[in-house]
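Q: My questions will all concern the structure given below.
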Amino acid sequence: MTPAAPAEPRRPDATCRVAVPGGEVAVYSYGSGPHVLFLVNGGPGIASEGIRGVHAAYADRGWRVVAHDQLGTGASDRPEDRTLWTVARYAAEVEAVRQALDLGPVHLLGNSWGGWLGCDYVCRYPGAVKSFIAANTCADMPFHMAELRRLIAAFGEQTLAMVERHEAEGSLDDPEYLAFCTLFYTRHQDRRPTGGRRVQARGELNLAIQDGLWGPAQFTCVGDLADWSRLEDLRRFDRPCLVFNGAHDYITIKEGALIHQAVAGSEMVVFADSGHKPAADEPQAYHATLGDFLERHR
């Protein structure tokens, strides 16, 4: 069975609020039972609505699906303390939710920024997971920066020079820079038309979180993640692991392969017609791949 995106978002079976470092977060649960698929969404700085919409139907396959709006997003508290926006605090937040709901070891799916957070989490709390799905993500930020430069250079060396000049000068509202951002993400993120339906409104982006973790520019990381890497630590991770990337993703196949190489016995899948969103670009292949992995490690 391939879960399909409903016309309207599926309502959670249960919601609650959980105290985490820095405030309280809103938590959503679908289905019941001992087998938990814990979702950590991308961003940073957006709520969990999108990732819940894609995976809520796994509750019909015997999974308890759990996700939360990360602190500062969605229905969760929105503190103004900028020192809260660190990878370590967000990892502690995930653990606080898991413990508060008494979930036991979970099957953790981290997507994009949620995958960076997932890599960090499984290294800090390896006993908290039964398996890890590293979705459209990487585990080494300096290498990701190099890959972004390689992809931008494919548009021409003058284009790369233009992007670097605007990011160095802070002229991020320049029409030239914004036009390239649109072109870049059309090629590497949104490969298929969305039909006008937005799962996550752009207006819901918490820029303070994005600035704290990443920075203000699109292609240069200067925040808490700037020097972040978990590749060496992942060599000690010994749970089942699935790594996947879209062939056209701006978080590249090379980056996913580094996780695959680091985690002994891991599996890697490349979605040939996808950018950063295989669940949207190739939904049938995406759910067949994810569902098979989860069933084998249930």
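The values are calculated or read from the model by the stated rules, or taken from the named source; none is laboratory data. Remember, it's a predicted structure, so these values are computed and weren't measured experimentally. Heads up, the Cβs are rebuilt from the backbone with ideal geometry, glycines too, and the neighbour counts pull from every protein chain shown.
Q: Exactly one condition in (1) surrounded by 19 or more Cβ atoms within 10 Å (Cβ to Cβ); (2) charged (D, E, K, R); (3) touching a residue at least 40 places away in the same chain (Cβ under 8 Å) is false for Glu282; which is it?
A: Here Glu282 meets the rest and fails (3).
Q: I'd like to check something: does segment 270-288 contain any residue that is touching a helix residue (DSSP H, G or I) at 6+ places or on another chain (Cβ under 9 Å), closer than 18 Å to Val122 by Cβ and at pLDDT 95 or above?
A: no
Q: Under 23 Å from Asn245 (Cα atoms) and more than 18 Å from the chain's Cα centre (by Cα), is that true of Ala57? Break it down into steps so the answer makes sense when it comes.
A: Numbers: under 23 Å from Asn245 (Cα atoms): yes; more than 18 Å from the chain's Cα centre (by Cα): yes.
Yes: the conditions hold for Ala57.
Q: Give the residue, chosen from Ala14, Ala19, that is surrounded by fewer than 23 Cβ atoms within 10 Å (Cβ to Cβ), free of Cβ contacts under 8 Å to residues at least 24 places away in the same chain and more than 21 Å from the chain's Cα centre (by Cα).
A: On the way: Ala19 fails: free of Cβ contacts under 8 Å to residues at least 24 places away in the same chain.
Result: Ala14 is the single residue among Ala14, Ala19 that is surrounded by fewer than 23 Cβ atoms within 10 Å (Cβ to Cβ), free of Cβ contacts under 8 Å to residues at least 24 places away in the same chain and more than 21 Å from the chain's Cα centre (by Cα).
Q: Given the conditions (1) modelled with pLDDT under 95; (2) of a type outside the set (Ser, Thr, Tyr); (3) at negative phi, and given that Trp113 satisfies all but one, which numbered condition is not satisfied?
A: (1)
Q: I want to confirm something. Restricting to segment 63-93 and keeping residues that are charged (D, E, K, R) and assigned to a loop (DSSP other than H, G, I, E, B), which single residue is farthest from Tyr125 (Cα to Cα)? Don't jump to the end; show me each part of the working.
A: We begin by selecting, within segment 63-93, every residue charged (D, E, K, R); these are 64, 69, 77-78, 80-82, 89, 93.
Keeping just the survivors that are assigned to a loop (DSSP other than H, G, I, E, B) gives 69, 77-78, 80-81.
Numbers: Asp69: 20, Asp77: 24, Arg78: 26, Glu80: 28, Asp81: 26 Å.
Out of the qualifying residues, it is Glu80.
Q: If I ask for residues that are polar (S, T, N, Q) and touching a residue at least 24 places away in the same chain (Cβ under 8 Å), which ones from segment 85-127 would you list? So that I can check it myself, show each step before the final result.
A: At the first step, the residues of segment 85-127 found to be polar (S, T, N, Q) are 86, 99, 111-112.
Listed by number, the residues that qualify are Thr86, Asn111, Ser112.
Q: Next up: If only one of Asp233, Asp292, Asp224, Asp238 is within 17 Å of the chain's Cα centre (by Cα) and either at pLDDT 95 or above or farther than 20 Å from Arg52 by Cα (or both), which one is it? Let's see the steps before the verdict.
A: Details: Asp233 fails: within 17 Å of the chain's Cα centre (by Cα); Asp292 fails: within 17 Å of the chain's Cα centre (by Cα); Asp238 fails: within 17 Å of the chain's Cα centre (by Cα).
Testing whether each residue is within 17 Å of the chain's Cα centre (by Cα) and either at pLDDT 95 or above or farther than 20 Å from Arg52 by Cα (or both) leaves just Asp224.
Q: Kindly indicate the residue of segment 9-26 that is of a type outside the set (A, V, I, L, M) and assigned to a strand (DSSP E or B) and also farthest from Val66 (Cα to Cα) among those meeting that condition.
A: First, the residues of segment 9-26 that are of a type outside the set (A, V, I, L, M): 9-13, 15-17, 21-24.
Within this subset, residues satisfying the condition of being assigned to a strand (DSSP E or B) are 15-17, 23-24.
Working: Thr15: 10, Cys16: 11, Arg17: 13, Gly23: 19, Glu24: 16 Å.
The extreme case among them is Gly23.
Q: List every residue pair whose Cβ atoms lie under 9 Å apart, where the two residues are 6 or more positions apart in sequence or sit on different chains, the first residue falls within segment 128-156 and is part of a strand (DSSP E or B), and the second residue, located anywhere, is crowded, with 16+ Cβ neighbours inside 10 Å and of a type in the set (D, E, K, R).
A: Once the first residue is part of a strand (DSSP E or B) and sits in segment 128-156, its partners that are crowded, with 16+ Cβ neighbours inside 10 Å and of a type in the set (D, E, K, R) give Val129/Arg239; Lys130/Arg239; Ser131/Arg239; Phe132/Arg239; Asp140/Arg230; Asp140/Glu255.
Q: Run down Ala285, Ala264 and say which single residue is assigned to a loop (DSSP other than H, G, I, E, B), out of contact with any Asp or Glu (no Cβ under 6 Å at 6 or more places or on another chain) and either over 16 Å from Asp140 (Cβ atoms) or not aliphatic (A, V, I, L, M) (or both).
A: Working: Ala285 fails: assigned to a loop (DSSP other than H, G, I, E, B).
Within the list Ala285, Ala264, the selection yields Ala264.
Q: Quick check on segment 48-72: of everything there that is within 19 Å of Thr86 (Cβ to Cβ) and touching a helix residue (DSSP H, G or I) at 6+ places or on another chain (Cβ under 7 Å), which residue is surrounded by the most Cβ atoms within 10 Å (Cβ to Cβ)?
A: Of the residues in segment 48-72, the ones within 19 Å of Thr86 (Cβ to Cβ) are 68-72.
Subsequent filtering for residues that are touching a helix residue (DSSP H, G or I) at 6+ places or on another chain (Cβ under 7 Å) retains 68, 70-72.
Details: His68: 33, Gln70: 28, Leu71: 24, Gly72: 27.
Going through the qualifying residues, I end up with His68.
Q: Among Ser112, Ser131, which is crowded, with 20+ Cβ neighbours inside 10 Å, under 30 Å from Phe184 (Cα atoms) and of a type in the set (Ser, Thr, Tyr)?
A: Numbers: Ser131 fails: under 30 Å from Phe184 (Cα atoms).
Checking each option against the conditions leaves just Ser112.
Q: What number of residues within segment 219-246 satisfy the criterion of being buried (at least 18 other Cβ atoms within 10 Å of the Cβ) and either free of Cβ contacts under 8 Å to residues at least 60 places away in the same chain or in a loop (DSSP other than H, G, I, E, B) (or both)?
A: Here the count works out to 10.
Q: Oh, and also: Somewhere in segment 81-98, is a residue in contact with an Asp or Glu (Cβ under 7 Å, 6 or more places away or on another chain), small (Gly, Ala, Ser) and under 24 Å from Ser229 (Cα atoms)? Write out each step before concluding.
A: To start, the set of residues in segment 81-98 that are in contact with an Asp or Glu (Cβ under 7 Å, 6 or more places away or on another chain) comprises 85-87, 91.
Retained after the next criterion (residues that are small (Gly, Ala, Ser)): 91.
Now narrow it down to the ones that are under 24 Å from Ser229 (Cα atoms): 91.
Yes; the residues of segment 81-98 include at least one that is in contact with an Asp or Glu (Cβ under 7 Å, 6 or more places away or on another chain), small (Gly, Ala, Ser) and under 24 Å from Ser229 (Cα atoms).
Q: Within segment 155-175, is even one residue within 18 Å of the chain's Cα centre (by Cα) and buried (at least 16 other Cβ atoms within 10 Å of the Cβ)?
A: Keep residues of segment 155-175 that are within 18 Å of the chain's Cα centre (by Cα), which gives none.
No, there is no match, as no residue in segment 155-175 is within 18 Å of the chain's Cα centre (by Cα) and buried (at least 16 other Cβ atoms within 10 Å of the Cβ).
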